[in-house]
Amino acid sequence: MRRPEQPHELLEQELRVLEEQCSTGKVDDEADDGQNGELKKRVRSIKNCLAAKKSREQARSYVQDLEKKMSSLESQNQDLARR
């Protein structure tokens, strides 16, 4: 599996900075809409990346729980088969 290039914390930090810039209007008034559009696109990209990471972590956790349950049930099944 491919590892992400940026750690989770760096993406969250960049997202906070970009959202602050967008909301407080720190972007120059003379800046064209293209630059503001690029900021919004980057914010959307970061949010998507973070959501994907969260989804993968949840799926990984779910699979691990299923594997634990399966192991427990297999041992229980073996115990019952011995009786």
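The values are calculated or read from the model by the stated rules, or taken from the named source; none is laboratory data. Computed from a predicted model, the values in this text were never measured in an experiment. Ideal geometry is used to build each Cβ from the backbone, glycine not excepted, and the neighbour counts take in all protein chains shown. To get the accessible areas, we keep the full protein, side chains included, count just its heavy atoms, and leave off ligands, DNA and RNA. Shrake-Rupley method; radii C 1.70, N 1.55, O 1.52, S 1.80 Å.
Conditions tested, residue by residue: (1) touching an Asp or Glu at 6+ places or on another chain (Cβ under 9 Å); (2) at pLDDT below 90; (3) open to solvent by less than 90 Å² (accessible area, probe 1.4 Å); (4) among the basic types (Lys, Arg).
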{"residue": "3", "(1), (2), (3), (4)": "no, yes, no, yes"}
{"residue": "26", "(1), (2), (3), (4)": "yes, yes, no, yes"}
{"residue": "57", "(1), (2), (3), (4)": "no, no, no, no"}
{"residue": "72", "(1), (2), (3), (4)": "no, no, yes, no"}
Between 48, 36, which is in contact with a Cys (Cβ under 9 Å, 6 or more places away or on another chain) and among the polar types (S, T, N, Q)? 36
